[in-house]
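Read the figures in this text as sums done on the coordinates, not as results from a lab. Since the structure is predicted, the reported quantities are computational estimates derived from the model, not experimental observations.
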Amino acid sequence: MKQIILALLFAGAVFAQAPKAAIDITHAEVTEVLKHAPPAVDQQLKVVDMGKYNLAVGIIHRGPTKDGGPITGIAHDQTTETYIIVSGEGTLVTGGTMENPKPIPATSEAYKVLNGPSTTGAVKDAYSRKVGPGDIIIIPAGVFHGWTGITDHVDYLSVRPDPDKVLPAGYVNPAIKK
């Protein structure tokens with residue numbers, strides 16, 4: 001029994017180590033994943049076990065928004081996101097107070113693969129700003145974020161550090177899995 005416990009501890013230590021090589025996500029892979037958007041808006045590219053935390057990178061494609069009603073969006077309980085706008089433009093809305101928040105079901109892909117535990121709802125008293133290619137926005141865990149003012153599209157990378165390891169380490173988007 002002692003040998004089994006030691007073997008399990010050793011295996012856990014091996015898997016908890018950071019990678020020893022760079023992890024590539026090529027432009028061709030990003031382009032391949034974007035071919036499938038829509039219907040999938042937010043698509044995880046890869047989730048890497050970095051030892052003390054997981055690191056996820058996704059590509060998001062948003063089409064035109066229907067403006068005029070309440071601004072809806074999401075807040076992630078445990079994952080921070082960094083957006084890097086690669087094409088298009090729109091108005092990113094962050095912060096404020098979420099009205100009638102609803103948790104994302106734990107069975108959904110958004111929960112299991114993309115963001116971990118999260119809440120959706122409409123927002124009031126939020127900060128709005130127009131963003132476009134080259135802009136970088138850091139959205140801490142727990143901060144509402146949503147979109148308005150997208151006339152054509154906005155595509156952006158989302159880098160998600162995951163200190164609680166709620167996202168699935170080793171995940172690779174099926175469109176690029178080799």
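How high is the relative contact order of segment 24-162, in percent, with contacts defined as C-alpha pairs under 8 Å that are six or more residues apart? Intermediate values should be presented prior to the final figure.
Values: 339 pairs, mean separation 52.6, N = 139.
Worked out over segment 24-162, it gives 38 percent.
The angle between the Cα long axis of helix 2-15 and the longest principal axis of the Cα atoms of the chain comes to about 40 degrees, rounded to the nearest 10. For segment 78-140 versus segment 38-71, the inter-centroid distance based on Cα atoms is 9 Å.
For segment 51-178, report the % of Cα-Cα distances exceeding 26 Å. Of all Cα-Cα distances in segment 51-178, 20 percent exceed 26 Å.
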